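One structure is given here, and the rest of the page talks about it.
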Amino acid sequence: MKRNLIFLAMSLASFPALAKDGRAIVDFFSNPYQWGFLIAMLFLSLALYVVNKALNTIREISAPKAIEDPSVAAVEAATEEKPRSFMQILTDAKPIEKEADILLDHDYDGIHELDNSLPPWWLYGFYLSIVFAFIYMIRFHIMGGPSSEDEFNTAMAEGQAEVDAYLASAKDLIDENSVFLLTDAGRIASGKKIFDEKCVSCHLADGGGLVGPNLTDDYWLHGDGIKEVFSTIKYGVPSKGMIAWRVELNPGAMQEVASYVLSLRGTTPANPKSPEGILIEPAKEVQTPDTTESVDSTNISETATIQE
Ligand code: HEC
């Protein structure tokens with residue numbers, strides 16, 4: 001018994017180790033599989049206990065009895081009166097001394113059969129399974145509880161919701177290598193909002209340029225591709241007065257404002273600043289998320305400045 005308790009205690013002690021990435025023990029028990037595991041553990045302990053007990057009984061029976069010891073009879077007498085042990089309650093088995101009472105008169109080549117009553121632990125488990133089956137049938141076949149297919153669909157929908165939530169936050173995982181030109185009107189509008197708030201003081205509301213260069217013409221200091229414009233906005237040109245916006249704007253916002261800046265190209269501002277940078281012909285092909293590289297901009301150097 002002591003050994004069983006130690007085994008059970010050790011199994012229980014190992015539980016927190018099984019809980020993934022240090023989550024709370026409460027979390028752990030919300031999982032039906034963990035409950036199954038716990039129950040299996042208890043059953044195993046019980047089975048060990050039963051086996052242990054049986055082994056002890058066999059050992060007792062097979063041990064040679066010291067007949068000359070007068071106390072043996074006294075011990076046996078005491079055994080008669082002993083209250084039923086836990087094992088006896090569990091199995092309702094006749095003690096070996098009384099087996100003759102339930103011996104059937106069949107004789108199979110010398111093998112005899114005992115008419116033991118069904119072990120209560122098994123019998124009540126069986127009744128319980130009948131009750132369970134009954135409730136299960138009513139719940140799932142009459143009252144229309146969710147079928148396996150429904151449960152599958154629910155789980156899939158939950159999974160999809162998680163993916164959507166992740167993708168919604170993924171817009172902030174963009175950097176200058178993965179950025180692409182947005183075409184979604186809503187997000188370009190968000191870009192305009194950011195531009196009106198943060199950029200007009202230097203670039204003017206129509207992008208015509210003031211302290212900063214004209215953003216509507218074909219002359220660029222730092223390249224006209226979405227990746228280049230995104231980089232310029234992200235890292236700025238601190239020595240020239242262009243702020244590094246990454247401290248203030250998250251990547252999604254920088255992608256929006258960069259896309260808005262590029263949408264200004266080719267518009268006619270009221271008061272255009274004279275061109276700075278080098279002439280880059282606008283890309284003919286429509287940009288898609290995969291082909292973010294636009295016109296050949298390899299010959300752009302940061303210092304190239306053409307004033308007209
Ligand atoms: C404090 C003034 C200032 C503000 C505010 C400012 N910029 Fe600039 N910006 C500049 C200057 C100056 C340059 C030119 C840098 C250089 O000479 O290299 C520049 C350059 C740029 C360029 C590169 C243009 C090219 O020819 O390559 C882009 C794109 C740009 N700014 C976008 C923005 C956006 C978007 C915002 C708002 C989020 C913004 N800027 C806010 C001053 C500013």
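The values are calculated or read from the model by the stated rules, or taken from the named source; none is laboratory data. For clarity, every value in this text was computed on a predicted model and none was experimentally measured. So basically every Cβ, Gly included, is an ideal-geometry build from the backbone, and we count neighbours across all protein chains shown.
Residues that are under 39 Å from the mean Cα position of the chain (by Cα): find the helices (runs of 4 or more DSSP H) completely inside the stretch 82-183 holding 1 or more of those.
Qualifying helices (runs of 4 or more DSSP H): 120-137, 148-170.
Pairs please, first residue from the stretch 38-54 and among the aliphatic types (A, V, I, L, M), second anywhere and surrounded by 13 or more Cβ atoms within 10 Å (Cβ to Cβ) and at pLDDT 90 or above, Cβ atoms under 9 Å, 6+ apart in sequence or on different chains.
If the second residue must be surrounded by 13 or more Cβ atoms within 10 Å (Cβ to Cβ) and at pLDDT 90 or above, the pairs left are Leu46/Trp121.
Report the residue count in the stretch 252-282 for those that are within 13 Å of the ligand (Cβ to nearest atom) and outside any loop (DSSP other than H, G, I, E, B).
13
Checking Arg187 against (1) touching an Asp or Glu at 6+ places or on another chain (Cβ under 6 Å); (2) buried (at least 19 other Cβ atoms within 10 Å of the Cβ), which test does it fail?
Tallying (1) touching an Asp or Glu at 6+ places or on another chain (Cβ under 6 Å); (2) buried (at least 19 other Cβ atoms within 10 Å of the Cβ), Arg187 fails exactly one: (2).
What's the number of the condition Val179 fails, among (1) buried (at least 19 other Cβ atoms within 10 Å of the Cβ); (2) in the same structural domain as Gly241 (by TED's automatic domain parsing)?
(2)
How about the stretch 196-227: which of its residues are more than 6 Å from the ligand (Cβ to nearest atom), outside any loop (DSSP other than H, G, I, E, B), touching a residue at least 24 places away in the same chain (Cβ under 8 Å) and not charged (D, E, K, R)?
Tyr219, Ile226
Among (1) within 8 Å of the ligand (Cβ to nearest atom); (2) buried (at least 18 other Cβ atoms within 10 Å of the Cβ); (3) of a type outside the set (Lys, Arg), which single condition is Ser231 missing?
Only one criterion in (1) within 8 Å of the ligand (Cβ to nearest atom); (2) buried (at least 18 other Cβ atoms within 10 Å of the Cβ); (3) of a type outside the set (Lys, Arg) is unmet by Ser231, namely (1).
Being among the polar types (S, T, N, Q) and in contact (Cβ under 8 Å) with a residue 12 or more places away in the chain is the filter here; which residues of the stretch 228-267 pass it?
Result: Ser231, Asn250, Gln255, Ser259, Ser263, Thr267.
Scan the stretch 45-89 residue by residue and report those that are hydroxyl-bearing (Ser, Thr, Tyr), modelled with pLDDT under 85 and closer than 28 Å to Met10 by Cβ.
If the condition is that a residue be hydroxyl-bearing (Ser, Thr, Tyr), modelled with pLDDT under 85 and closer than 28 Å to Met10 by Cβ, then Ser85 is the only one that fits.
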